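The values are calculated or read from the model by the stated rules, or taken from the named source; none is laboratory data. This structure is a prediction, so every number in the text was calculated from the model and none was measured. Cβ coordinates were reconstructed from backbone atoms using ideal geometry, including for glycine residues, and neighbour counts include every protein chain displayed. Ligands, DNA and RNA are stripped out before the accessible areas are found, and what is left, the full protein with its side chains, is counted by its heavy atoms. Shrake-Rupley method; radii C 1.70, N 1.55, O 1.52, S 1.80 Å.
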Amino acid sequence: MAPVATPFFFYLLSALMLAGGILVITRKNPVHSALALITTLLAQAAIYLMLYAPFVAGVQIILYAGGIMVLFLFVIMLVSIDRSIKERQFNSQWLIGVVAATALGGLFIAVYTKGTDLFPGQATLAAAEGDNTQRLASLLYGQYMFSFEIASLLLLVAIIGAVVMAKKRI
Amino acid sequence: MQSVIQYITSYLGSNQTPGAAGNLFWVFVYIMLVFGGLSVAVIAMNWLERKILAHMQVRLGPMRVGPHGLLQPIADALKLLLKEDLIPADADRVIFWAAPFMVVLAAFTVFVVVPFGPTHAITDMNIGILFMLGVSSLSVLGIVMAGWASNSHYPLIGALRSSAQMVSYEVAMGMAVVSVILMTSLNAAGTGTLSMIGIVQAQLAQHEWFIFKFFPLGLIAFFIFAVAMVAETNRAPFDLAEAESELTAGFHTEYSGFRWSLFFLAEYSAMIAVSSIAVTLWLGGWLRPFPNMLAGAGWEQFFSFIPGTSFLFLAALCFYSTARMPKHPYFRIQTIGLAGFGAVLGLVGLILFIPPVRAWVQDIFWFSAKVAGFMYLYIWYRGTFPRYRFDQLMKMGWKVLLPMGLGILILTAGVALYQQNLWHP
Amino acid sequence: MPPVTLTTSGFSRRVQKAKMQSMLHITTLHYLVLGAALFLLGVIGVLTRRNVVIVLMSIELILNAVNLNLVAFSHYWQSMPARVGGGPTALHGQIFSIFVITDAAAEAAVGLGILIAFFRNKETVNIDEVNLLKW
Amino acid sequence: MTDQKTLSHLDLETPEKPFLDANELVINMGPQHPATHGVLRVILRLDGEKVLGLECVIGYLHRGVEKIGEHRTYTMFNPYVDRMDYVAAVSNGLGYCETVEKLLNVEAPPRAQHVRVILTELNRIASHQLWLGTHALDIGAITPLFYTFRDREEILKIFEKYCGARLTTHAFRIGGLQYETYAGFEKEVKNFLDFFRPKIDEYEELLTSNRIWVERTKGVGKISAQDCIALGVTGPVLRASGVKWDLRKAQPYACYKNFDFEIPIGQNGDTYDRYLVRMVEMRQSVRIIQQAVDALPEGPIMAKVPKVMKPPAGEVYHSIEAPKGELGYFIVSDGSTQPYRLRVRPPSFVNLQALDQMCRGQLVADVIAVIGTLDIVLGEVDR
């Protein structure tokens, strides 16, 4: 299917993502932050679809929005947040942090304006999305087999680590 | 004007879903049709659940509003819409407001890829089944939001239970689904598919519904999914999240009126959604029984009469009940109403006998009939089973269904490799 | 699906001239700028917030910004000719983003596990309080 | 005192170390809650879903029945006792009438005693049916409720035909019965027995071997025989813990010693055993009623009691085996027409204090199951 009104959707989704991101780092209540982050993640999944990466979009929804964020919400509800809402929200070095981030932002701006030549000017259509999943699968289980196994090992370690951490006594 | 008409009619000849054809008008029509049909199905399900459950429990169920309580769901809907919409004083208003919409959104969006027929789906996605599982997993967010925003203990416990339950059963569910996707790859090219339509077509091509594939592997995978889907939709015997005897009503304790009805709507459409996944993956989707074994024009003719006949049967049932209505004048309006309902059903049945309609409606009929079977199972479970306890539920999910799912996955992969002659030890 | 046509070789300067048009023409650069903005938001969150949960969420933002870049580049490479390593099978960016998502899941699980242990001992979620190696 | 000594091993006050200190949840279950069987309020201290301890708050249905008794004559107070355990009103009446008879030193004639046994046992079945339906409903099985209510209706019909009331029957009088049995009473009771025997199998078919039911009830709310005795728990709860104590056998009243029946006991003292004990008790009740109807003697139904009762001064305690446990009445008479002091020992009230002991360390869902299995009636707890 040919894309419809690409610029419109791009700007809409970008606005959603940025608004969500700003809310994440400014809300007092972590639950509100989490919901803003979910908005960002869903908008990003839609952007993946625009980039002809349907499988990554699906993984983004099922893993990030459906899995990781539920975990976040679960933990937020487990730790009582009433007291932390009343406390100071930003740490004492916040000024330094903002300055550092601004410097980094300046660096990005510099790179993107000076180095425009390095980037393609024209958005191009990728090949058929129809076999995206199949191609990804053959890459993942072929060329990247070893990395895949390492990733599963990482997950195993993470599971054991999380269980040990959450146990009654350490 | 001409071009508009041409744009609209250009789709009619194509053998694609409107989404794949990129025809916005027909996409819109299909969305309206699917969601309208879904709403009607939820209303019908509401009435049927109460009647069937009542008859299982030696009582009559709703009898007052309309003949045999047929108008009861409408009366209920009116009551819910007119009820005061309460928001607790200490609730988080925005999240409290947004939660039911989140749940409804997740439950309805899933239907975008449900294939009611080879071309009767809003769109066919390359990642169809992944999309369905992903989006339906979003409803847990809405439930958690509702439970947390109510700022009350019972909803909070309900939400925590529900999220833990849904996340755990999704894993077992995924295992069962992956084993089906492995089965779709048993063709010459050796490539499987995640597309919902592709999965049904693979069943047609392999001359076998996947529930019977590699017997009993397909059956066990189906069993795992059938258990997990009940847990996923928070229905009895896994309705811990809204266990009315423990948590009053679980995560929607503080909700009333319209918002509560949204949760209700979402629950039933989620039931229909997971049932249609099960039907698509294991029971051959829109395929009629024995499409290969009993092929040929004669059988084709025979099976094409079944939709109309079943509607005529329902109409006959209505007329029988009309004859049994009390003859007292007090019941006159009800009797006429029931007869009218029967007449409408009969008319629909007769329309379904007209040849073009007969051919056209086949797929949708078989798909709906299979989904309706699952709906009956849901009601049956509710009438029969006590409720599981939370730790038992978790134990079952992680210690029974997940290892079973893993075993099935490995075995299916092994058998599939063997069949493809790819097994070179 | 309309046939895919490569109108430029990829290193075009023409479009850049027409600023307005470039705004309406979504290029890889647009995605990169979006990713950079998201990354900065995440960095600010990590550096300034006290609440551990929100710091962890900011890290998720950073990872997502990286993912966006990866997928955008993967899209770009798919449109490149095969002789420089492009073509429809050049999906390495997407593969990498899947690994990043896996990594994020592991990070969230462990991070939240640590958070629970921390909260149980200190009864606070402030990152300033984490100033001992063992408590 | 001795009580303190017996209770000390229960260790009811020891606080458990919670999992997350800050996350200890206090939940008010009731007084408006679907599963507390009336207006019981249970304050639960939870760690996640694990119960660290609970406290029952009672008195929402207190009507001062005992005080009312001191201001009414012996005859006038008789209907009031029906309002305590309103699902087993006949048993309450039997206990009260027998206590006053003991005080007056009269005995009801044999025919009256047989009818009393028949009605009391019918009421035991009705009470157990109501328990079964609501208990199953609490655990999530909704269908048994409708089955038991359908069959309980038959018993209530017999009551209605006999004394005109279905719930608060006021069936017995001090010294015997007021009404002779109606024509066809014996036949109807026998019909009911024949009708009811297969129904018990029907209930058991739905539950006894149901996997979920067994998992939900086995090992839940365990209480040892020692704890039961220390806490004064009686009735099916005590018997399910393995103590063969039934007042119908231990201190036979009415004419129970004429009948042949078994006392079922359990072994583990868990919810499942209590369920089984009550199911067997229903079967045994059927057996008793059968014998009582077969041996129903002819004769008078009322002993000679004075119109104005002035029992001799003194005190008396008499207890019977009500469906829920030992129902005792303690009456102090000062020789006037009204009791000087009247005290009821209700089984539900005493059994309820075992709730904390039974629920510690279990989950919220188990609290519901345990409240159901104790078979409490709040009218009797609060009086």
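Quick notes
- Some residue of the stretch D:372-380 being part of a helix (DSSP H, G or I), closer than 20 Å to D:ILE68 by Cβ and of a type in the set (D, E, K, R): yes
- Members of the stretch B:128-185 that are more than 10 Å from chain A (Cβ to nearest Cβ) and among the aromatic types (Phe, Trp, Tyr): B:TYR154, B:TYR169
- Flag if B:TRP299 is open to solvent by 10 Å² or more (accessible area, probe 1.4 Å), part of a helix (DSSP H, G or I), in the same structural domain as B:PHE116 (by TED's automatic domain parsing) and not polar (S, T, N, Q): no
- If you go through the stretch D:90-145 and pick out every residue that is of a type outside the set (A, V, I, L, M) and under 14 Å from the mean Cα position of the chain (by Cα), you end up with 12.
- Checking every residue in the stretch A:124-144 against the condition of being in a loop (DSSP other than H, G, I, E, B), at pLDDT 80 or above and open to solvent by 90 Å² or more (accessible area, probe 1.4 Å) gives at least one match.
- For the stretch D:203-225, the tally of residues that are open to solvent by 60 Å² or more (accessible area, probe 1.4 Å) and in contact (Cβ under 8 Å) with a residue 24 or more places away in the chain stands at 2.
- The single condition from (1) open to solvent by 40 Å² or more (accessible area, probe 1.4 Å); (2) under 30 Å from B:CYS318 (Cβ atoms); (3) within 14 Å of another protein chain (Cβ to nearest Cβ) that B:LEU81 fails is (3).
- For the stretch D:330-383, filtering for residues that are within 14 Å of chain B (Cβ to nearest Cβ) and either out of contact with any Lys or Arg (no Cβ under 9 Å at 6 or more places or on another chain) or surrounded by fewer than 23 Cβ atoms within 10 Å (Cβ to Cβ) (or both) leaves 9.
- Residue that is most open to solvent (accessible area, probe 1.4 Å) [pool: residues in the stretch B:148-172 that are among the hydrophobic types (A, V, I, L, M, F, W, C) and touching a residue at least 60 places away in the same chain (Cβ under 8 Å)]: B:VAL171
- Test for D:VAL51: is it part of a loop (DSSP other than H, G, I, E, B) and modelled with pLDDT of 75 or more: no
- Only a single criterion out of (1) modelled with pLDDT under 90; (2) facing chain A (nearest Cβ under 8 Å); (3) crowded, with 22+ Cβ neighbours inside 10 Å is not satisfied by C:PRO88, namely (3).
- Hey, B:LEU48 of a type outside the set (Phe, Trp, Tyr) and either away from chain D (no Cβ under 14 Å) or open to solvent by 80 Å² or more (accessible area, probe 1.4 Å) (or both) or not: yes
- Single residue of the stretch D:296-331 satisfying the filter (of a type in the set (Val, Ile, Thr) and in contact with a strand residue (DSSP E or B) (Cβ under 6 Å, 6 or more places away or on another chain)) that is nearest to D:GLU98 (Cα to Cα): D:ILE320
- Checking each residue in the stretch D:173-225 for being touching an Asp or Glu at 6+ places or on another chain (Cβ under 8 Å) and part of a helix (DSSP H, G or I) picks out D:PHE192, D:PHE195, D:PHE196, D:LYS199, D:THR217.
- Meeting the requirement of 3 or more residues that are surrounded by 14 or more Cβ atoms within 10 Å (Cβ to Cβ), among the hydrophobic types (A, V, I, L, M, F, W, C) and away from chain D (no Cβ under 14 Å), the helices (runs of 4 or more DSSP H) wholly within the stretch B:317-396 are B:332-351, B:355-384.
- Of all the residues in the stretch B:214-236, those that are over 30 Å from B:ARG382 (Cβ atoms) and either hydroxyl-bearing (Ser, Thr, Tyr) or within 23 Å of the chain's Cα centre (by Cα) (or both) number 0.
- The residue pairs whose first member lies in the stretch D:298-320 and is farther than 21 Å from D:VAL117 by Cβ, whose second member is modelled with pLDDT under 85 and open to solvent by less than 90 Å² (accessible area, probe 1.4 Å), and whose beta carbons are closer than 7 Å, counting only pairs six or more residues apart or on different chains, are D:LYS310/D:GLY335; D:PRO312/D:GLY335; D:ALA313/D:GLY335.
- Every pair of residues 6+ apart whose Cβ atoms lie under 8 Å, when the first sits in the stretch A:93-117 and is more than 7 Å from chain C (Cβ to nearest Cβ) while the second is part of a helix (DSSP H, G or I) and open to solvent by 60 Å² or more (accessible area, probe 1.4 Å): A:GLN93/C:LEU47; A:ILE96/C:LEU47
- Qualifying positions in the stretch C:110-127 - open to solvent by less than 30 Å² (accessible area, probe 1.4 Å) and outside any helix (DSSP H, G or I): C:THR124, C:VAL125, C:ASN126
- Considering the stretch D:288-318, the residues that are in a loop (DSSP other than H, G, I, E, B) and among the β-branched types (Val, Ile, Thr) include one that is surrounded by the fewest Cβ atoms within 10 Å (Cβ to Cβ), namely D:VAL308.
- In the set D:ALA141, D:ALA165, only one residue is part of a loop (DSSP other than H, G, I, E, B) and either open to solvent by less than 10 Å² (accessible area, probe 1.4 Å) or modelled with pLDDT of 90 or more (or both); that residue is D:ALA141.
So that you can scan it fast, the table gives a plain yes or no per residue for (1) under 30 Å from B:ILE199 (Cβ atoms); (2) of a type in the set (Lys, Arg); (3) out of contact with any Gly (no Cβ under 8 Å at 6 or more places or on another chain); (4) assigned by TED's automatic domain parsing to the domain that holds B:ILE410:
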{"site": "B:GLY218", "(1), (2), (3), (4)": "yes, no, yes, yes"}
{"site": "B:GLU232", "(1), (2), (3), (4)": "yes, no, yes, yes"}
{"site": "B:ARG259", "(1), (2), (3), (4)": "no, yes, yes, yes"}
{"site": "B:ALA266", "(1), (2), (3), (4)": "yes, no, no, yes"}
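- C:MET80, sole failed condition from (1) at the interface with chain A (Cβ under 7 Å from one of its Cβ atoms); (2) not in a helix (DSSP H, G or I): (1)
- Options D:VAL189, D:VAL115; residue that is under 20 Å from D:LEU94 (Cα atoms) and in contact with a helix residue (DSSP H, G or I) (Cβ under 6 Å, 6 or more places away or on another chain): D:VAL189
- Meets criteria (modelled with pLDDT of 85 or more, within 18 Å of C:LEU61 (Cα to Cα) and facing chain C (nearest Cβ under 9 Å)) for A:LEU42: no
- Flag for D:LEU156 being under 24 Å from D:GLN290 (Cα atoms), under 15 Å from the mean Cα position of the chain (by Cα) and open to solvent by less than 20 Å² (accessible area, probe 1.4 Å): no
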